[in-house]
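Undergrad: Below is the structure I would like to discuss, written out as structure tokens.
The values are calculated or read from the model by the stated rules, or taken from the named source; none is laboratory data. All of these numbers come straight from a predicted model, not from anything done at the bench. Virtual Cβ from ideal backbone geometry, glycine too; neighbours counted across all protein chains shown.
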Amino acid sequence: MFGWNGSLLRVDLTTKTYHKEPFTEDFAHRWVGGRGFAVKILWDELKPNIDPLGPENKFIVSLGPISGIPAPNTGKAVVAAKSPMTGGYGDGNLGTMVAEQLRKAGYDLLIVEGKSSSPVYLYIKDNNVEFLPAEEIWGKGSFDTNAWLYEKYGKRVGVLNIGQAGENMVLYAVVRSMEGRAGGRTGMGAVMGSKLLKAVVVEGTGKIPVAEPELMKKIGVEDLKKVHDIDKKTRWSVQGTDAVFSWLNDVAALPVRNFRETHHRDAWKLDGERLNEARVATYGCPNCTMHCGIAIRDDEGRETEMDYENIALLGSNLGIFELKQVGSLNYLCDDYGMDTMSAGGTLAFYADAVAHGIIEGDFRFGDAQAAKRLLGMTARREGELGNMLADGSLRMAKKFGHDSEAYAMQVKGLELAAYNCKFIPGMALAFGTSPIGAHHKEAWIISYELNHTVRGSYGRDKAEKVVELQRIRGGMFESLVSCRFPWIELGWDLENYPKYFNAATGLKWTLEDFWNLGDRIYALMKFFWVREIPQWDRTRDYPPMAWFDKANADKKGPIAGKILERKQYDELLSHYYDIRGWDERGIPTRKTAERLHLDDEMKEVEKFTRLES
Ligand code: PTT
Ligand code: SF4
């Protein structure tokens, strides 16, 4: 089998044992890698309703057939587990040397099971695994942990680690890598922490198996250069992801003060131009020639790498408009190892609840010092408040009552990414139907929707576009595994990806094959949810109720008086289900499952709920 090592490494932390296991060609061809592998393994190996923070959960690092190969932006890995944040399938994607090193060590997948009796880290070198004591780094932040491991093993190794938030099982703790990278906002860091696993270090000395090595080398190296040239010409990475900040403010789609407002006169202070002016360093992932990580100095002089999502959710959404202050919240999230987006969303919900008299408290929008303190309390789960914040906005709302849930800005328990969709139905649908909770990574339809369609329309075309984007982003890029930015930001042709895949595997896939793969993965992610929650219904694919609340419409500005219409959203959702071949509850039908060759999975899900024909 070319393109895959054909092996996974299974490590049991309870018994401190490990073994290399082969997987079949059929498994590789059906699920390809990354998210595809992860969802299938979690489906097959987890019993329903296990505690995501218990030893029965499995922490997976999953790579794809082009991961780690020198070709555009392939230094990425998927981390996955049952999510403690949402209770469904959870994953995230981060730039890391682990992508290349694990493949060179001879594996496409790492599965970590059980729970250690004391803090450990894993050192994986080819066929050997060492379980090493982590007492010295337990309690340390992610930056110190990374530095400690680099000091021991050098900077070429792959390292995944967690900070205090992961150790204390903050439900939105992330996995960190390479100083500036973070992934797994669905709580993958908490799963590592629950296993007392502080870090994974990987070193491989073998070769990644490629069907046509000469061809792959030629196109890979040439294309890395071409991508670099396009980036130089378009100057995208000058502002990186924050290039959209001022646009979103102009079109009234910025999250401001718990998404209650959509634009702000001080927004310019956080935009891409200001970020670039403040730049002190640039970071990136391995195998990338369009480094997009812009680092600034925060208000305490520390270097911190900023992205749009972080700036908007820790900045405007908290009513904080000083870049350096936002920088220091960002630094803390990175060091504690918790998701900037859910941290910002949760703090904003808390400030909102205080402002509306739902609970008593002294946290106010705009108070950066208090926000810093609260982040520390969250990471340590300090006191009742720290514990509440560590569980995210939905669980807080359930405690607060008084209908506050409508303003917990989340879907399926995961806080929204930084797009305020009061009057953007397609993007609201993208959030509602994202299979891991409110993440923009599955279908970033917003730019298409605002630039090419009627903004407030609920036409079927928007549902079609959401499905198309989910196939590309959530299906192809998450299973290959590679960064989507060359395509989405520079217009790098999608046809290049089957070309890399075919050179690596010797197969002859077209984009159409990847769309089928995406559909299969999405159907299985939905089955995973339904097995957990047999009474599944379509309201779980709704965006936050605040976007349907007429009282929440903007009073002035470009969308004054406009808000989403629930009935029409429901119709749009029905279009989406129809295109996917899912029933009115949002569950794949039998016919769809058969088309996607999910017959066994269908039988399993039918133990829990009857599928429609
Ligand atoms: C991702 C989510 C994002 S999406 C951002 S900023 W973005 C936040 N980054 C965080 C961070 O930083 N520190 C932290 N403590 N928490 C953070 N939470 C947030 O996590 C990331 C880039 C970005 S920057 C994006 S969009 C793209 N995402 C990709 C993806 O998902 N898949 C893919 N195939 N390619 C992608 N390319 C881009 O990668 P989650 P990274 Mg991240 C510091 O993981 O859970 O999916 O959440 O990986 O290596 O840092 O690169 O405007
Ligand atoms: Fe990483 Fe940015 Fe390069 Fe993508 S474009 S691989 S996120 S540095």
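Undergrad: Which of the residues belonging to segment 82-100 are over 17 Å from Val159 (Cβ atoms) and either within 12 Å of ligand 1 (Cβ to nearest atom) or polar (S, T, N, Q) (or both)?
TA: Ser83, Met85, Thr86, Gly90, Asp91
Undergrad: Looking at segment 478-490, which of its residues are surrounded by 22 or more Cβ atoms within 10 Å (Cβ to Cβ), over 13 Å from the mean Cα position of the chain (by Cα) and assigned to a helix (DSSP H, G or I)?
TA: Listed by number, the residues that qualify are Ser479, Leu480, Phe485, Pro486.
Undergrad: Further, regarding this structure: Scan Gly456, Gly413, Gly432 and give me the residue that is within 29 Å of Val79 (Cβ to Cβ) and either touching an Asp or Glu at 6+ places or on another chain (Cβ under 9 Å) or of a type in the set (Phe, Trp, Tyr) (or both).
TA: Answer to the check: Gly432.
Undergrad: Restricting to segment 50-65, name every residue that is touching a residue at least 12 places away in the same chain (Cβ under 8 Å) and either among the acidic types (Asp, Glu) or closer than 22 Å to Asp599 by Cα (or both).
TA: none
Undergrad: Go through segment 360-369 and give me each residue that's within 18 Å of Tyr407 (Cβ to Cβ) and either among the charged types (D, E, K, R) or buried (at least 16 other Cβ atoms within 10 Å of the Cβ) (or both).
TA: Glu360, Phe363, Arg364, Phe365
Undergrad: Taking segment 438-458 as the region of interest, how many residues are closer than 22 Å to Lys526 by Cβ and either free of Cβ contacts under 8 Å to residues at least 60 places away in the same chain or of a type in the set (D, E, K, R) (or both)?
TA: Of the residues in that region, 5 qualify.
Undergrad: List pairs: first in segment 546-570 and under 21 Å from Asp352 (Cα atoms), second among the polar types (S, T, N, Q), Cβ under 9 Å, 6+ apart or cross-chain?
TA: Ala546/Asn258; Ala546/Asn552; Trp547/Asn420; Asp554/Thr262; Ile563/Asn552
Undergrad: Of everything in segment 517-557, what is touching a Pro at 6+ places or on another chain (Cβ under 8 Å) and of a type in the set (D, E, K, R)? Give them in sequence order.
TA: Lys526, Arg531, Glu532 - these are the residues of segment 517-557 that are touching a Pro at 6+ places or on another chain (Cβ under 8 Å) and of a type in the set (D, E, K, R).
Undergrad: Now for a different question. Does Leu494 meet the test of being aliphatic (A, V, I, L, M), surrounded by fewer than 24 Cβ atoms within 10 Å (Cβ to Cβ), touching a residue at least 40 places away in the same chain (Cβ under 8 Å) and at negative phi?
TA: It is false that Leu494 is aliphatic (A, V, I, L, M), surrounded by fewer than 24 Cβ atoms within 10 Å (Cβ to Cβ), touching a residue at least 40 places away in the same chain (Cβ under 8 Å) and at negative phi.
Undergrad: For residues that are more than 19 Å from Asn330 (Cα to Cα) and surrounded by 17 or more Cβ atoms within 10 Å (Cβ to Cβ), tally how many sit in segment 260-272.
TA: 5
Undergrad: Looking only at helices (runs of 4 or more DSSP H) that fall completely inside segment 370-451, which ones have 2 or more residues that are surrounded by fewer than 24 Cβ atoms within 10 Å (Cβ to Cβ)?
TA: 383-389, 392-400
Undergrad: Quickly run through segment 508-518 and pick out the residues that are out of contact with any helix residue (DSSP H, G or I) (no Cβ under 7 Å at 6 or more places or on another chain) and either touching a residue at least 24 places away in the same chain (Cβ under 8 Å) or among the small types (Gly, Ala, Ser) (or both).
TA: Asn516
Undergrad: Could you check, for segment 201-221, whether at least one of its residues is over 29 Å from Asn502 (Cα atoms), at pLDDT 95 or above and in contact with a helix residue (DSSP H, G or I) (Cβ under 6 Å, 6 or more places away or on another chain)?
TA: Checked segment 201-221: at least one residue is over 29 Å from Asn502 (Cα atoms), at pLDDT 95 or above and in contact with a helix residue (DSSP H, G or I) (Cβ under 6 Å, 6 or more places away or on another chain).
Undergrad: I want to confirm something. Restricting to segment 289-300 and keeping residues that are away from ligand 2 (no atom under 13 Å from the Cβ) and under 25 Å from the mean Cα position of the chain (by Cα), which single residue is farthest from Cys483 (Cα to Cα)?
TA: Asp298
Undergrad: Residues in segment 39-53: is at least one within 22 Å of the chain's Cα centre (by Cα), among the hydrophobic types (A, V, I, L, M, F, W, C) and within 30 Å of His291 (Cα to Cα)?
TA: The answer is yes; a qualifying residue exists.
Undergrad: Then there is this: Of Leu94, Leu122, which residue is within 16 Å of ligand 2 (Cβ to nearest atom), assigned to a strand (DSSP E or B), of a type in the set (A, V, I, L, M) and surrounded by 21 or more Cβ atoms within 10 Å (Cβ to Cβ)?
TA: Going through Leu94, Leu122 in turn, just one is within 16 Å of ligand 2 (Cβ to nearest atom), assigned to a strand (DSSP E or B), of a type in the set (A, V, I, L, M) and surrounded by 21 or more Cβ atoms within 10 Å (Cβ to Cβ): Leu94.
Undergrad: Somewhere in segment 108-118, is a residue closer than 30 Å to Ala438 by Cβ and of a type in the set (Ser, Thr, Tyr)?
TA: no
Undergrad: Additional query: Could you say which residue among Gly475, Gly456 is away from ligand 2 (no atom under 16 Å from the Cβ) and part of a loop (DSSP other than H, G, I, E, B)?
TA: Gly456
Undergrad: Tell me which residues, restricted to segment 459-473, are near ligand 1 (Cβ under 9 Å from one of its atoms) and either without any contact (Cβ under 8 Å) to a residue 24 or more places away in the chain or small (Gly, Ala, Ser) (or both).
TA: The answer is none; no residue qualifies.
Undergrad: Could you tell me which residue of segment 303-320 is nearest to ligand 2 (Cβ to nearest atom), considering only residues that are closer than 14 Å to Glu273 by Cα and hydrophobic (A, V, I, L, M, F, W, C)?
TA: Filtering segment 303-320 for residues that are closer than 14 Å to Glu273 by Cα and hydrophobic (A, V, I, L, M, F, W, C), the one nearest to ligand 2 (Cβ to nearest atom) comes out as Met306.
Undergrad: May I ask you to list the residues in segment 537-567 that are touching a Ser or Thr at 6+ places or on another chain (Cβ under 9 Å), over 17 Å from Asp578 (Cα atoms) and not small (Gly, Ala, Ser)?
TA: Asp554, Pro558, Ile559
Undergrad: How about segment 177-288: which helices (runs of 4 or more DSSP H) wholly inside it have at least 3 residues that are within 16 Å of ligand 2 (Cβ to nearest atom) and more than 30 Å from Tyr150 (Cα to Cα)?
TA: 213-234
Undergrad: Which of the residues belonging to segment 571-582 are surrounded by fewer than 20 Cβ atoms within 10 Å (Cβ to Cβ) and within 16 Å of Met525 (Cβ to Cβ)?
TA: Gly581
Undergrad: Pick from Leu517, Leu494, Leu490: which is closer than 24 Å to Asp541 by Cβ and within 16 Å of ligand 1 (Cβ to nearest atom)?
TA: Within the list Leu517, Leu494, Leu490, the selection yields Leu517.
Undergrad: Within the set of pairs 6+ apart or on separate chains, which have a first residue in segment 345-362 that is β-branched (Val, Ile, Thr), a second that is at pLDDT 95 or above and surrounded by 23 or more Cβ atoms within 10 Å (Cβ to Cβ), and C-beta atoms under 7 Å apart?
TA: The qualifying pairs are Thr346/Leu389; Thr346/Gly392; Thr346/Ser393; Thr346/Glu415; Ile359/Ala353.
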